[in-house]
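Here is the structure we will look at.
The values are calculated or read from the model by the stated rules, or taken from the named source; none is laboratory data. Just so it is clear, the structure is predicted and the values come from calculations on it, not from any experiment. Cβ sites come from the backbone with ideal geometry, for glycine too, and all protein chains shown count toward neighbours. Side chains included, ligands, DNA and RNA excluded: accessible areas come from the protein's heavy atoms. Shrake-Rupley method; radii C 1.70, N 1.55, O 1.52, S 1.80 Å.
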Amino acid sequence: MSGIVGMINLDGEPVDRDLLQEMTEFMAYRGPDARQIWVAGNVGFGHALLATTDESRLERQPFSLDDRVWIAADVRIDSRRELIEKLQAKGCRSLEKATDVELILNAYDVWGEDCVKYLLGDFAFVIWDNRKQRLFCARDHFGVKPFYYALVENCLIFSNTLNCLKFHPKVSNQLNDLAIADFLLFDGNQQLDTTAFTDIHRLPPAYYLIATDKNLQLTRYWQLPVDGYIRYQQANDYVEHFQELMEIAVADRLRTDKAGVFMSGGLDSTTVAAVAGKICSEKYVNFDLRAYTIVYDKLIPDRERYYSGLVAEALGMPIDYLVADDYQLFDRWDKPEWYLPEPVNNPFLAILVDKFKEVANYSRVVLTGYGGDPVLYASASYFFDLLKSWQWESLARGIWQYLRSNSRLPAIGLRTQVKRWLGLARPWRPSYPEWLNGDLASRLDLRSRWEKLTSTSTPSHPIRSEAYDAMVASTWPSFFESYDPGVTGFPVEVRHPFFDLRLVNYLLAIPPIPWFVNKQLVRVAMRGSLPETVRQRPKAFLAGDPLVQILEGTQENWLNRWEFSPAMAEYINLDVLRSISERRTENSEVWINIRPLSLAYWLQQLETINC
């Protein structure tokens, strides 16, 4: 994930080349291969290259086709062949060996701002169009690549690295109280266009921004479709189509003969690993694919070592285990190099850092199975809707297909749906944190905000509302950003095949019964590719919670181990928090009540950096 940065002085003043060079060099940790800047009067770009594909090794950015339109990008373009054919039909030539950034600039030259409608993949880029005297910025559909900007004193500053923006002297450290409150309420900022800092904004997923000396204009260019409808006569056609799209999604994200896989012993990540192994064996004479697995051997009951080991052995794939038993809460958070751009509720951050350190010593690309759970969600409400609308034939057909394949009836959750329909059962939602500062809660009307954002929403998709809502949840962009090198500090690009747009569109368009009952579609598709013990393994979460285990093993009040800076009082009623810490709470509440500690550590980091 290359680093990009730039600035445009809207009042026409020349860009400070030395400052731009310093901001570009700041990103050397994420772009170690080359760093270059380009300046033309009042606009300038900087780029720190991280080469992760064969084509990207030839990249030199900032880049221009004709010295009139310039680009700096952090990008991986999928479906390259199809895009090249469309561009060639428009008269573009010599694109066979074009880099991804060249393809984007050609697309912009042909379609202007509509170029984003022709792009697939993960991207964040900026284009300066000297002909139109405007800046064009865009972020990918799901927000895998981050993009931030700040408009201060007629200067627009932008980057895919939040801390890089703070390097600019005009960008202040003033906190955005609503974003901090959202972190304490929901574990993350619910406003996709803001950050924890007042001056710094983020471009939301599937948006582009056009900036001129007159104004800034944000436009949404895409929404996840709700009108997909695919029905086949033969059941095997659904499986074959899924296999084809899964292979395409993984292949587009590999584009290298050396990669890692974050692999648990569950179905989703092992599926990605198996498909990646198949693709590499067909494409490369020699390749190096390695799995990385976090395990607990003592702290909690955990069988991930066993199941992931079965898969690694079956695939002939080396596997590295990171044993997490001895990590303590907030280990090594006091190290200055760990300064996080925004607060994160992860007291085991050291595990993540050590995992990325292992990968970085081996490869620059790692695949995950994230996205499998939401997009393969069974959508129990659909079953109930079929019953209510007397579509018993469709329901019976799906149940029969599942029964024939599994020799048992599907667990489709109708009992729970009936209870909810009758008002006898309510979906679980987290508790409102009573330890929030009362003045803050009143000023921002946080109780109403919490009620609104945790209430049950109206169906957003005709047949798979739960899956649809899970795929567009506001938590995903912040999750993707937490895996970005701008946060991890390591030059490793994380790629998520289950967030492939072609695959997601397909999975939202096919019948939930039988394909998403117990992830039937994947289980059938992976027959013969995964060990049967893993392929048939029921969905399983960790048998215990490491945070709960550590806190229960602490004799003293766990809150007494931490000191709070004066800034905490603006957000937290410490007396209420102490009273809560003195009594035993439900396990589901523990992660809520640890948020103030995560915020406290982050504020201390912020104070240390600013000193």
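Multiply the residue gap between K132 and R502 by 0.36 nm, knock off their C-alpha separation, and tell me the result in nm, one decimal place.
129.9 nm is the gain from fully extending K132 to R502.
In the chain, if the dipole is taken from +1 on Lys/Arg beta carbons and -1 on Asp/Glu beta carbons about the Cα centre, which of H461, G371, L574 is farthest to the positive end?
After comparing all options, I get H461.
Is the shape of the range 115-197 rounded, prolate or oblate, going by the alpha carbon gyration tensor and its root eigenvalues a ≥ b ≥ c, with a/c under 1.5 for rounded and a/b larger than b/c for prolate?
Verdict is oblate for the range 115-197.
So how do 225-236, 440-451 stack up, highest first, on mean other-Cβ count within 10 Å?
Averaged packing, sorted descending, gives the order 440-451, 225-236.
Given [x] 91, 52, 44; [y] 94, 51, 50; [z] 71, 66, 48, which label gives Cα extents along the principal axes in Å as computed from the coordinates?
After the calculation, the listed value that fits is [z].
Which value in nm describes the separation of the simple spin-label points at D11 and I550, placed 7 Å from the Cα toward the beta carbon?
Label at D11, label at I550, 4.9 nm between them.
On the accessible surface of the chain, probed at 1.4 Å, how many percent belong to carbon and sulfur atoms?
49
Starting from the Cα of N286, step 7 Å along the direction of its Cβ; do the same at D114; then give the gap between the two resulting points in nm.
It works out to 4.8 nm between the two label points.
How many nm separate the modelled label positions at R429 and N560, each set 7 Å beyond the Cα in the direction of the Cβ?
Result: 3.7 nm between the two label points.
State the Cα centre-to-centre distance between the range 470-544 and the range 98-146 in whole Å.
With the range 470-544 and the range 98-146 each reduced to a Cα centre, they are spaced 27 Å.
Of L87, Q133, V522, which is farthest towards the positive pole of the chain's charge dipole, taken about the Cα centre with +1 and -1 on the beta-carbons of Lys, Arg and Asp, Glu respectively?
V522
Counting only the backbone N, which residues of the range 181-198 are under 19 Å from the spot 7 Å out from the Cα of T454 toward its beta-carbon?
181-191, by backbone N distance to the label point.
Going by average Cβ neighbours within 10 Å, how do the peptides 54-60, 248-254 rank, with the highest at the top?
Highest to lowest by the protection proxy: 248-254, 54-60.
Restricting to the chain, what percent of DSSP beta bridges are antiparallel, rounded to 5?
Of those bridges, close to 75 percent are antiparallel.
Below 11 angstrom from the Cβ of M317, what's the summed charge of the other residues (Lys, Arg +1; Asp, Glu -1)?
Around M317, the surrounding residues sum to -2.
Just from its helices, what would the mean residue ellipticity at 222 nm be for the chain, if runs of 4 or more DSSP H residues each count -39500 (n - 2.57) and the sum is divided by every residue, rounded to the nearest 500 deg cm²/dmol?
-11000 deg cm²/dmol
How much length would be gained if the chain were fully extended between R578 and E247, taking 0.36 nm per residue of separation minus their Cα-Cα distance, in nm to one decimal?
Length gained between R578 and E247: 114.0 nm.
Can you work out the FRET efficiency for the pair Q233 and R81, with r the C-beta to C-beta distance and R0 = 41 Å, to the nearest 0.05?
0.90
Suppose the chain between R68 and D177 were pulled fully straight at 0.36 nm per residue; how much longer would it get relative to their current alpha carbon spacing?
Going from the current span to full extension adds 35.1 nm.
Order of 263-269, 540-546, 285-291 by packing, highest average Cβ count within 10 Å first?
Going by the mean number of other Cβ atoms within 10 Å, highest first, we get 263-269, 285-291, 540-546.
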